[in-house]
Amino acid sequence: MFRFSTKRHAHHDFAELLDTTIYQPLPDEWLVGITDVVNSTSAVNAGRYKDVNYAGASAIAALGNAWNSFDFPFVFRGDGAAFAFHPDRLETATAALRQTVGHVRDVFQLDLRAGLVSVREIRAGGKDVRTARFSASETAIYSMFAGGGLNWADRQIKSGKYGIADNVTDTSANLSGLTCEWAPIPSRSGEILSLLVEPCDHSRSTMFAKLAKQIVAVFDTGERHSHPVPNDIVITQDVEDYLSGAAWADVVANSDYRRYDDVLRLTLDCTAEQIGVVEALLVRARNRGDIRFGLHRQSHALMTCLVPSGNKGSHLHFLDGMGGGYTKAAEMLEAQ
């Protein structure tokens with residue numbers, strides 16, 4: 001019998017995870033969840049970047065707190081999240097997601113869409129869901145997704161299928177540990193770039209891996225590999241205590257400025273010249289019919305932090321661009 005383990009090997013080299021043949025398929029009976037802020041573009045245009053990012057990460061916090069464990073595959077996607085879990089957790093997950101939808105509506109006046117679909121149904125739709133793990137540091141493990149299943153589920157849920165009924169609940173979502181109180185992080189190299197690159201055919205993994213590695217190599221030049229979070233921030237004792245004694249270097253190491261979730265998703269501090277080189281690569285690949293892409297330039301990055309109360313040492317830091325970030329980049333990608 002096939003067994004899926006959330007404790008399997010974690011890769012330390014992000015470039016390895018661009019080869020999606022190493023990803024492990026999720027079992028058919030598992031469920032995939034998608035959340036996104038409806039009409040997030042309008043909220044972003046109104047300058048509500050932090051609210052959108054907080055709402056986007058809220059389901060991750062609510063689920064982990066409800067299960068008292070963050071040992072499940074999840075990914076922050078800017079204005080939403082994607083995650084997967086065993087069906088034994090369905091009742092708790094459904095309650096937590098309904099509470100989160102209500103919280104986002106009542107506190108932020110934003111409409112958070114949420115839906116669940118089984119991996120079996122995704123495969124019946126012609127896509128797959130496979131995962132791998134990336135060790136950003138000794139304490140921070142991020143999940144990556146491949147196979148096209150997340151994007152398939154996202155489109156289905158946005159079309160009105162598989163949605164969670166928005167039942168009124170008196171119980172508040174437990175979002176403890178989630179905060180978006182950091183000041184915006186200015187670019188030091190010239191621009192903060194939000195970049196999305198999606199393969200048109202997820203079965204052509206070799207082609208996409210080659211292109212993705214070329215892209216990452218352009219931004220990896222230099223000592224900091226275009227990391228948007230600077231090394232030289234001095235934090236107060238209160239912040240250090242909040243992070244369970246962690247230093248700022250731990251925050252930098254635990255930040256998810258690079259990930260793959262059916263889409264290569266990057267938040268980078270880079271030069272205009274680097275962007276020009278990569279954009280030329282992307283345009284050629286798009287014109288061949290290999291990929292779709294979206295990018296957005298801005299002056300600052302935003303960081304949303306998740307510090308699990310039961311294990312503060314495994315603090316995670318989700319990055320996006322402040323001037324529209326992934327939401328704006330997704331607009332460009334979807335237009336293609």
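A few remarks follow.
- Sites residue 273 and residue 107 - FRET efficiency at Förster radius 56 Å, r taken between beta-carbons, to 0.05: 0.85
- Among 254, 39, 65, the largest mean-square fluctuation in a Gaussian network model of the chain, built with springs joining Cα atoms closer than 10 Å, belongs to 39.
- Distance in nm between pseudo-label sites at residue 247 and residue 92 (7 Å out along the Cβ direction from Cα): 3.6 nm
- Remark: spin-label model distance residue 179-residue 21 equals 4.5 nm, labels positioned 7 Å along the Cα→Cβ axis.
- Excluding ligands, DNA and RNA, the accessible surface per residue across the range 1-134 is 40 Å² with a 1.4 Å probe.
- Two-site label geometry, residue 11 and residue 166: point separation in nm, points 7 Å out along Cα→Cβ: 3.9 nm
- Whether the range 205-336 is rounded, prolate or oblate, judged on the alpha carbon gyration tensor where a/c under 1.5 counts as rounded: prolate
- Selected from 81, 46, 93 as most flexible by GNM, with the chain as the system and alpha-carbon contacts under 10 Å: 46
- Reachable aspartates and glutamates, given that their alpha-carbon falls under 12 Å from the alpha-carbon of residue 328 and they are not under 8 places away in the same chain: 79, 320
- Cα-based shape type of the range 54-209, given that a ≥ b ≥ c are square roots of the gyration tensor eigenvalues and the cut on a/c is 1.5: oblate
- Given the alternatives [x] 33, 62, 5; [y] 31, 56, 13, 0; [z] 28, 57, 15, 0, P(r) over Cα pairs in 20 Å bins from 0, in percent as computed for this entry is given by [x].
- For the range 196-211, the Karplus equation 6.51 cos²θ - 1.76 cosθ + 1.60, evaluated at θ = phi - 60°, returns couplings of 10, 9, 10, x, 6, 10, 5, 7, 8, 5, 5, 4, 5, 4, 4, 5 Hz by residue, with Gly and Pro reported as x.
- Checking every one of the GluC sites (Glu not before Pro) in the range 68-160 against DSSP loop status and a limit of 14 other Cβ atoms within 10 Å picks out 138.
- Backbone HN-Hα couplings from phi across the range 271-286 [Karplus 6.51/-1.76/1.60, Hz, Gly and Pro as x]: 8, 4, 5, 4, 4, x, 4, 5, 4, 5, 4, 5, 4, 4, 5, 5
- Global geometry of the range 1-85, whether rounded, prolate or oblate, following the gyration tensor of its Cα atoms and the 1.5 cut on a/c: prolate
- Listed residues 62, 229, 147: farthest to the positive end of the dipole of the chain (Cβ charges): 147
- For the chain, built as a Gaussian network whose Cα springs stay under 10 Å, the top-fluctuating residue of 95, 124, 57: 124
The values are calculated or read from the model by the stated rules, or taken from the named source; none is laboratory data. Computed from a predicted structure; not experimentally measured. Glycine gets a Cβ as well: all are built from the backbone with ideal geometry, and neighbour counts include every protein chain shown. The area values use the complete protein model at the heavy-atom level, side chains included, leaving out ligands, DNA and RNA. Shrake-Rupley method; radii C 1.70, N 1.55, O 1.52, S 1.80 Å.
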